[in-house]
1. Test each condition in (1) in contact (Cβ under 8 Å) with a residue 24 or more places away in the chain; (2) over 30 Å from Thr71 (Cβ atoms); (3) hydrophobic (A, V, I, L, M, F, W, C) for Leu161 and report the one that comes out false.
2. For residues that are in a helix (DSSP H, G or I) and either among the hydrophobic types (A, V, I, L, M, F, W, C) or over 23 Å from Ser282 (Cβ atoms) (or both), tally how many sit in the stretch 16-62.
3. Restricting to the stretch 85-101, name every residue that is among the polar types (S, T, N, Q) and modelled with pLDDT under 90.
4. What single numbered condition from (1) in contact (Cβ under 8 Å) with a residue 24 or more places away in the chain; (2) exposed (fewer than 14 other Cβ atoms within 10 Å of the Cβ); (3) under 14 Å from Ala6 (Cα atoms) fails to hold for Arg39?
5. Between Cys193, Cys180, which is in contact (Cβ under 8 Å) with a residue 12 or more places away in the chain, open to solvent by less than 20 Å² (accessible area, probe 1.4 Å) and either farther than 30 Å from Gln291 by Cβ or in contact with a Leu (Cβ under 6 Å, 6 or more places away or on another chain) (or both)?
6. Is the stretch 221-237 home to any residue that is modelled with pLDDT of 95 or more, open to solvent by less than 30 Å² (accessible area, probe 1.4 Å) and not charged (D, E, K, R)?
7. Kindly evaluate Ser282 against the criterion of being closer than 29 Å to Pro172 by Cα and in contact (Cβ under 8 Å) with a residue 24 or more places away in the chain.
8. Output the residues belonging to the stretch 147-158 that are in a loop (DSSP other than H, G, I, E, B) and open to solvent by less than 20 Å² (accessible area, probe 1.4 Å).
Amino acid sequence: MDKLPALEDIKVFVTAARVMSFARAAEQLMVSPAYISKRIKLLEENLGFTLFYRSARSINLTLEGEIVLRTGTQMLQDLDGMMDELLACRQETRGLLRISCSTGFGTEFLNPFILSLRDRYPLLGIDLRLVDRSVDIVTENVDLDICLGGNIPEQFIARKLAPNYRVFCASPHYLEKHGCPLHPRDLEHAHACISIRERNHSPASWKIERGQERLTVIPNSQLSVNNGNVAKEWCLKGEGILLRSIWSIRKELAEGKLIQVLPEWQQPADVFAVYTRQMGTSANLKVFIEQLELYLKQQMA
């Protein structure tokens, strides 16, 4: 490599790698697909590596492309941070922001947060989509997805907003009738379980941990549903053992309506903001994410 790659080439490459399409990258950057192809070719020649596997219908990152995506993203984020600080005083938050989130978390946290945010930023419009399924933020034209745990595609930007974890719980009535499990394997045959088909989480298995120990449990799911609030109601009625986020059942645990079982085991489920473009390119995105992070630290402490 004779010289450092051009910043424009890095920007073009990262944009194309996130959306996995030269045509979509061209739309985002408001240039022609030919320009995208040219800049990426120049970057590959400069680095001396092929960054994309190309076919007639799709592109995929090579190992070297994944390295450039990771380091290039960080480079652009650092530059955006510098510009954010310089331009923060002149940025105005206005226009529409499209957000997706699961029904339970969106109702519990995003709803009151958005109402409070609107008091401070009345020109900011919000299109909130509460859906208990996976969301493709590119094809569904979503600016920001708020998700809990799960696998986040590497081509997207993910910012951790708050810590969270899932625990096992059951009603006193269920435990009086069936006893308390002594090991997670008991959930595979000796107990009835309630599974949630929410977002990216499959009811077929529960991946849990205890310290450095990892375990995958196939629950004996007597009931399953794609809504966490319904699953909690079933659990409260004594229908089985539930793996649920601590924020959702904290009140019921404190009141004794639910009892935590297997307390040494849990499932990480941190809250993430997932998006495709740099925060520095959108005042709306920057304000929403930073203010939500502060709000969740207060509410989930």
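1. (2)
2. Narrowing the stretch 16-62 to residues in a helix (DSSP H, G or I): 16-19, 22-29, 33-47.
Still in the running and either among the hydrophobic types (A, V, I, L, M, F, W, C) or over 23 Å from Ser282 (Cβ atoms) (or both): 16-17, 19, 22-23, 25-26, 29, 33-34, 36-38, 40-47.
Looking only at that region, the number is 21.
3. Of all residues in the stretch 85-101, those among the polar types (S, T, N, Q) come to 91, 93, 100.
Once the filter is applied, which keeps residues that are among the polar types (S, T, N, Q) and modelled with pLDDT under 90, the stretch 85-101 yields Gln91, Thr93.
4. Single failed check for Arg39: (2).
5. Working: Cys180 fails: open to solvent by less than 20 Å² (accessible area, probe 1.4 Å).
Just one listed residue meets the conditions, Cys193.
6. Yes, the stretch 221-237 contains a residue that is modelled with pLDDT of 95 or more, open to solvent by less than 30 Å² (accessible area, probe 1.4 Å) and not charged (D, E, K, R).
7. On the way: closer than 29 Å to Pro172 by Cα: no; in contact (Cβ under 8 Å) with a residue 24 or more places away in the chain: yes.
No; evaluated as a whole, the condition is false for this residue.
8. Our first condition is that a residue be in a loop (DSSP other than H, G, I, E, B); within the stretch 147-158, this holds for 149-156.
Within the stretch 147-158, Gly149 is the sole residue that qualifies.
The values are calculated or read from the model by the stated rules, or taken from the named source; none is laboratory data. The structure displayed is predicted, hence computed values, not measured ones. No Cβ is skipped: glycine too gets one built from the backbone with ideal geometry, and neighbour counts run over all protein chains shown. Only protein heavy atoms, including side chains, enter the accessible area calculation; ligands, DNA and RNA are left aside. Shrake-Rupley method; radii C 1.70, N 1.55, O 1.52, S 1.80 Å.
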